[in-house]
1. Confirm whether ARG153 is farther than 21 Å from LEU32 by Cβ, surrounded by 18 or more Cβ atoms within 10 Å (Cβ to Cβ) and of a type outside the set (Asp, Glu).
2. Going by the conditions given, is THR242 polar (S, T, N, Q) and not in a helix (DSSP H, G or I)?
3. Which residues, taken from the stretch 152-174, are outside any helix (DSSP H, G or I) and of a type in the set (Ser, Thr, Tyr)?
4. For LYS292, state whether it is modelled with pLDDT of 70 or more, more than 16 Å from the chain's Cα centre (by Cα) and either under 22 Å from GLY83 (Cβ atoms) or part of a loop (DSSP other than H, G, I, E, B) (or both).
5. I'd like to know if the stretch 257-264 contains one or more residues that are outside any helix (DSSP H, G or I), out of contact with any strand residue (DSSP E or B) (no Cβ under 6 Å at 6 or more places or on another chain), more than 29 Å from PHE68 (Cα to Cα) and open to solvent by less than 60 Å² (accessible area, probe 1.4 Å).
6. Going by what's in this entry, would PHE140 be described as under 25 Å from VAL19 (Cα atoms) and among the aromatic types (Phe, Trp, Tyr)?
7. If I ask for residues that are over 29 Å from LYS134 (Cα atoms) and open to solvent by 10 Å² or more (accessible area, probe 1.4 Å), which ones from the stretch 210-240 would you list?
8. If I go through the stretch 265-278 residue by residue, how many of them are open to solvent by less than 30 Å² (accessible area, probe 1.4 Å) and in a loop (DSSP other than H, G, I, E, B)?
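The values are calculated or read from the model by the stated rules, or taken from the named source; none is laboratory data. Because the structure is predicted, anything quoted here is derived from the model rather than measured. Neighbour counts are summed over all protein chains in view; Cβ atoms, including those assigned to glycine, are modelled from backbone coordinates with ideal geometry. Accessible surface is based on the protein model in full, side chains and every heavy atom, while ligands, DNA and RNA are left aside. Shrake-Rupley method; radii C 1.70, N 1.55, O 1.52, S 1.80 Å.
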Amino acid sequence: MATTTGAFIAGGIAACGAVTVTHSFETVKIRLQLQGELQAKQEAVKKYKGVLHGVKVILQNEGPRGLFRGIGSAYIYQVLLNGCRLGFYEPIRTGLTTAVYDDPKVQSLGINVFAGASSGIIGAAAGSPFFLVKTRLQSFSPFLPVGTQHQYRNSFDGLRKIFASEGVGGLYRGVGAAMVRTGFGSSVQLPTYFFAKRRLVKHLGMEEGPALHLASSTASGFVVCCVMHPPDTIMSRMYNQTGNLYKGVFDCLAKTIRTEGFFGIYKGYFAHLARILPHTILTLSLAEQTNKLMRKAEDRFLSDSLKANL
């Protein structure tokens, strides 16, 4: 494993590569989550009927630019989120394991889940303003609008307008939902990835390499999507709201289920799966490679004493 700083950089680079491929599905997912917001199922108009229909409609009306709205914010968010998630996971896990078992090599499910959730929550809090702007940019459509529409020229114009009208609190609107959502996802992403990896090596005799990374990250992606989607829907709605439509996470959850039924919180699930599966596979697989490159660079250019402090 590279140093904490090196792992942060490696994780951020890997996540940016992944988000380039999966961003269009994220756009469709957000619009599916927002359409029919707080409307009874029989009253809601379905402008986007599913993943592929959503991609087709956006391409026809807005072109590729419509699918890639907010990509700049997505890059910054991914660097902060996955830099923290992949950079801090191992130091937190090692520190806690050493404190409890006196041996950092011991694998404890409870400690692994806690380390994953903690590193994810740190990243979610750090990147929240950029996810806020990204969500609002992606939800905007001059042709088939869903949810509240926010017209920003770009990410920094959005940040400036939010700060001017709502202050710092406005930039961190919905951060609680983001921390819950990412804590849920991170608590299972890395633990299930490393669990699957160990089991595949032990029981199927797979060796270290791209095939093992692909299989492990696929298993992790399925688990992450199942656990993370309900809080993801809540987060999308809280980020996109204007005023105080929702008072908090639980108010949003209650209103959504009461007006749209239980499956209202699972709107856009398949679009989420279409995004999270390749995103998890690419992020974790690329992270293995970028970590190796980072270790080589550190071994070549940094002294042992300097590496110990990073």
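1. no
2. Yes.
3. Answer for the stretch 152-174, where residues must be outside any helix (DSSP H, G or I) and of a type in the set (Ser, Thr, Tyr): TYR152, TYR172.
4. yes
5. Within the stretch 257-264 (the criterion being outside any helix (DSSP H, G or I), out of contact with any strand residue (DSSP E or B) (no Cβ under 6 Å at 6 or more places or on another chain), more than 29 Å from PHE68 (Cα to Cα) and open to solvent by less than 60 Å² (accessible area, probe 1.4 Å)), the answer is yes, since at least one residue qualifies.
6. For PHE140, the condition - under 25 Å from VAL19 (Cα atoms) and among the aromatic types (Phe, Trp, Tyr) - is met.
7. Answer for the stretch 210-240, where residues must be over 29 Å from LYS134 (Cα atoms) and open to solvent by 10 Å² or more (accessible area, probe 1.4 Å): PRO210, ALA211, ALA215.
8. Looking only at that region, the number is 1.
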